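Worksheet for the structure shown next.
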Amino acid sequence: MEINNIGIIGAGQMGLGIAHVCAASGNNVILVDINSDALEQATTTIGQNLGRLVSRGKISEKDKKSTLVKISTDTEFNSLSECDLVIEAATENEEIKKAIYTQICPILKEHAILSTNTSSISITRLAAQTDRPDRFMGIHFMNPAPLMELVELIRGIATNPDVFKTIRDFTNKLGKTAVSSEDFPAFIVNRILLPMINEAVYTLYEGVGTVAAIDTALKLGAHHPMGPLELADFIGLDTCLSVMQVLHEGLADTKYRPCPLLVKYVEAGWLGRKAGKGFYDYEGEIPIPTR
């Protein structure tokens with residue numbers, strides 16, 4: 001199956017990044033979100049990100065223009081009717097995702113492939129809520145999608161092998177490296193990464209070190225490009241908590257219990273960079289630790 005027309009649901013950080021990647025590879029992209037302001041902001045952000053690549057000599061001005069012209073936006077799901085592949089990149093909430101599938105499945109072409117960018121939720125369970133479990137799978141891009149080389153591919157129990165091969169080939173054409181993960185909670189990357197972040201929050205919670213000490217220790221002691229608390233702010237503390245809850249509930253192991261401090265920050269609305277405050281305060285030019 002040829003994939004040329006791609007629909008992306010959700011104009012948040014992941015959705016706009018995936019749209020950027022797909023359009024830059026020559027695909028026609030329709031980015032759909034119920035919020036028109038989010039779509040406008042996404043288009044602006046993609047243009048800015050492409051502009052930075054031009055200024056660094058990574059792409060030409062012609063490449064920037066040809067990418068932008070490949071992206072259209074809409075607030076209605078009906079625009080997905082001619083898509084060969086739809087990638088759902090909505091909020092990491094299972095009920096929201098299921099509600100979206102209920103609305104879009106009657107609209108999609110019979111042979112269209114439906115996928116999710118979920119970072120942790122069961123692919124088999126999500127597929128069962130659609131009319132095409134054999135044509136459903138996980139395509140998990142890393143954040144930020146234009147820069148990160150990896151994509152996790154996750155089959156549900158019913159995913160057709162030919163569909164998996166089609167998506168693997170498509171991923172390669174995007175210039176990404178694909179790894180196959182079994183359908184277990186949080187897959188590979190987040191199964192390893194998020195418990196480390198959660199442990200860093202416990203280290204802060206128990207007073208072992210300050211925010212600055214913990215992040216400096218991991219950056220200089222383990223050569224991590226970002227400290228775990230800085231990374232948590234970048235990912236979004238609500239997303240971090242959601243993944244830890246999926247791990248805790250799905251694997252029934254107390255080692256995955258979300259740190260109470262992480263829960264408290266999310267309850268306070270301190271979700272990280274996108275909220276202006278998390279483990280760091282981002283109001284000034286230089287982020288300031290909040291603890």
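The values are calculated or read from the model by the stated rules, or taken from the named source; none is laboratory data. Computed from a predicted structure; not experimentally measured. Positions of Cβ are backbone-derived with ideal geometry, glycine not excepted, and every protein chain shown enters the neighbour counts.
Things to note:
- Checking each residue in the stretch 176-188 for being surrounded by fewer than 17 Cβ atoms within 10 Å (Cβ to Cβ) and touching a residue at least 40 places away in the same chain (Cβ under 8 Å) picks out only F184.
- Selection status of L153, part of a strand (DSSP E or B) and either in contact (Cβ under 8 Å) with a residue 24 or more places away in the chain or among the aliphatic types (A, V, I, L, M) (or both): yes
- In the stretch 42-55, the residue that is surrounded by the most Cβ atoms within 10 Å (Cβ to Cβ) out of those that are more than 17 Å from E76 (Cα to Cα) and in contact with a helix residue (DSSP H, G or I) (Cβ under 9 Å, 6 or more places away or on another chain) is I46.
- Qualifying residue in the stretch 259-273 (condition: touching a Gly at 6+ places or on another chain (Cβ under 7 Å), surrounded by 15 or more Cβ atoms within 10 Å (Cβ to Cβ) and either of a type in the set (G, A, S) or within 23 Å of K97 (Cβ to Cβ) (or both)): yes
- Some residue of the stretch 228-247 being among the acidic types (D, E), farther than 23 Å from F187 by Cα and modelled with pLDDT of 95 or more: no
- One residue from L229, L204, L237 being in the same structural domain as Y256 (by TED's automatic domain parsing), surrounded by 16 or more Cβ atoms within 10 Å (Cβ to Cβ) and more than 24 Å from the chain's Cα centre (by Cα): L204
- Among the residues making up the stretch 1-26, those that are of a type in the set (A, V, I, L, M, F, W, C) and assigned to a loop (DSSP other than H, G, I, E, B) are M1, I3, A11.
- Among residues of the stretch 30-54, those that are within 17 Å of the chain's Cα centre (by Cα) and either of a type in the set (A, V, I, L, M) or part of a loop (DSSP other than H, G, I, E, B) (or both), counted: 7
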